[in-house]
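The values are calculated or read from the model by the stated rules, or taken from the named source; none is laboratory data. The model shown is predicted, which means the values in this text are computed figures rather than measured ones. Methodologically, a virtual Cβ is constructed for each residue, glycine included, from the backbone with ideal geometry; neighbour enumeration extends over all protein chains shown.
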Amino acid sequence: MIFFKTEEELEIMHSNAMLASNTITEIAKVLKSGITTLSLDELADEFIRDHGAVSSFYNFQGYPFHICTSINDVIVQGPPSKRTIQEGDVVSIDVGVLKNEFYGEHVYTFIVGETTPEILKLRRIAKESLFAGLEEAFAGNHMGEICSAIQHYNEKKGYGVIRESGGHAIGRSMHELPEVPNYGRRGTGIEMRQNLVLAIEPLVNLGTQEIIEDKDGSYRTADGLASVHFEHIVCIKPEKGWILTDFDPIEKAEKANKNLNASYDE
């Protein structure tokens, strides 16, 4: 069943979405080589609880952590650990929150220190593809327009677009219908209606789209090359979607942290 939100529910969801964005911002302030992903998990848990919410990931299907920290060739669902971040690591931070019966989530990919032009380009194109999809997220348009826009923006650069995981609607459940794949054909899928709330999240690999499941429950690229992940939550409105999450505070913290590579140059 597809749910459409009331204006009152949207205000709650906006607040929760911004809490997820602000949690990633706090992580961006301290992220550096030598820090453990487990310490980032502890920071996020404390920040979320201090704002009257709980992590929506914690204990979800037995998951024992509060955020996901996917590094380098890990595409998604990377569990925090005592592993320390290293110079050159590609680090995707995935945060979910639950407050007042509604969910919010956000994802951003950071680069710690120096990296290659190929990684910088991958991150730039994947991030731009998210906005290419968002441009199609308005009432009366078909879901396939979003999916196709993301797919072709990445594939024309030779990148692998993940088929097994993607976006979805969100609300009183973390994952609601409809799904929002990162691939598809224009003119297909449901016709989107006002106040449908979607989590749109390209997962893009430097190489092959093929993936493998690790024993820790995460998913990795089959060729061992890097993967990046960005996400926004958007409410469908006439002509243009309302983006409930916000990259701005994250990007400001990223640029202020001398340990992070905020460049998107090739």
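Among the residues of the range 4-49, which ones are closer than 18 Å to residue 260 by Cβ and among the small types (Gly, Ala, Ser)? Break it down stepwise before answering.
Here is the first cut: in the range 4-49, the ones closer than 18 Å to residue 260 by Cβ are 21-37, 39-40, 43-44.
Across the range 4-49, the qualifying residues are 21, 28, 33, 34, 39, 44.
Looking only at the range 161-189, which residues are touching a residue at least 40 places away in the same chain (Cβ under 8 Å), under 20 Å from residue 106 (Cα atoms) and among the charged types (D, E, K, R)?
Across the range 161-189, the qualifying residues are 163, 164, 172, 176.
Just a yes or no: is a residue in the range 148-169 touching an Asp or Glu at 6+ places or on another chain (Cβ under 7 Å) and among the aromatic types (Phe, Trp, Tyr)?
Looking through the range 148-169, at least one residue is touching an Asp or Glu at 6+ places or on another chain (Cβ under 7 Å) and among the aromatic types (Phe, Trp, Tyr).
List every residue pair whose Cβ atoms lie under 7 Å apart, where the two residues are 6 or more positions apart in sequence or sit on different chains, the first residue falls within the range 109-121 and is closer than 14 Å to residue 230 by Cβ, and the second residue, located anywhere, is of a type in the set (Ser, Thr, Tyr) and buried (at least 16 other Cβ atoms within 10 Å of the Cβ).
That search, which allows pairs on different chains as well, returns 109/92.
Considering (1) in a strand (DSSP E or B); (2) surrounded by fewer than 23 Cβ atoms within 10 Å (Cβ to Cβ), say which one residue 61 fails and leave the rest.
Condition not satisfied by residue 61: (1).
How many of the residues making up the range 27-43 are touching a residue at least 40 places away in the same chain (Cβ under 8 Å) and crowded, with 19+ Cβ neighbours inside 10 Å?
Result for the range 27-43: 5.
Among the numbered criteria (1) farther than 20 Å from residue 8 by Cα; (2) touching a residue at least 40 places away in the same chain (Cβ under 8 Å), which one does residue 248 miss?
The one condition residue 248 does not meet is (2).
How many residues does the range 46-58 contain that are crowded, with 19+ Cβ neighbours inside 10 Å and either out of contact with any Gly (no Cβ under 7 Å at 6 or more places or on another chain) or of a type in the set (Gly, Ala, Ser) (or both)?
Step one: filter the range 46-58 for residues crowded, with 19+ Cβ neighbours inside 10 Å, giving 47-48, 53, 55-57.
From the residues that got through so far, the ones that are either out of contact with any Gly (no Cβ under 7 Å at 6 or more places or on another chain) or of a type in the set (Gly, Ala, Ser) (or both) too are 47-48, 53, 55-56.
Residues flagged as crowded, with 19+ Cβ neighbours inside 10 Å and either out of contact with any Gly (no Cβ under 7 Å at 6 or more places or on another chain) or of a type in the set (Gly, Ala, Ser) (or both) within the range 46-58 amount to 5.
What do you reckon, is residue 224 closer than 18 Å to residue 123 by Cβ, without any contact (Cβ under 8 Å) to a residue 40 or more places away in the chain, of a type outside the set (Lys, Arg) and in a loop (DSSP other than H, G, I, E, B)? Walk me through it before giving the result.
Details: closer than 18 Å to residue 123 by Cβ: yes; without any contact (Cβ under 8 Å) to a residue 40 or more places away in the chain: no; of a type outside the set (Lys, Arg): yes; in a loop (DSSP other than H, G, I, E, B): yes.
So residue 224 fails the test.
Looking at (1) out of contact with any His (no Cβ under 7 Å at 6 or more places or on another chain); (2) farther than 30 Å from residue 194 by Cα; (3) in contact (Cβ under 8 Å) with a residue 12 or more places away in the chain, which one does residue 158 not meet, given that it meets all the others?
Going through the list (1) out of contact with any His (no Cβ under 7 Å at 6 or more places or on another chain); (2) farther than 30 Å from residue 194 by Cα; (3) in contact (Cβ under 8 Å) with a residue 12 or more places away in the chain, residue 158 breaks only (3).
All but one of (1) modelled with pLDDT of 95 or more; (2) over 11 Å from residue 97 (Cβ atoms) hold for residue 60; state the number of the condition that does not hold.
The single condition residue 60 does not satisfy is (1).
Which of (1) in contact with a Lys or Arg (Cβ under 9 Å, 6 or more places away or on another chain); (2) small (Gly, Ala, Ser); (3) surrounded by fewer than 21 Cβ atoms within 10 Å (Cβ to Cβ) is the odd one out, the single condition residue 227 does not satisfy?
So the condition that residue 227 fails would be (3).
All but one of (1) assigned to a strand (DSSP E or B); (2) of a type outside the set (Asp, Glu); (3) crowded, with 19+ Cβ neighbours inside 10 Å hold for residue 212; state the number of the condition that does not hold.
Checking residue 212 against (1) assigned to a strand (DSSP E or B); (2) of a type outside the set (Asp, Glu); (3) crowded, with 19+ Cβ neighbours inside 10 Å, the one that fails is (3).
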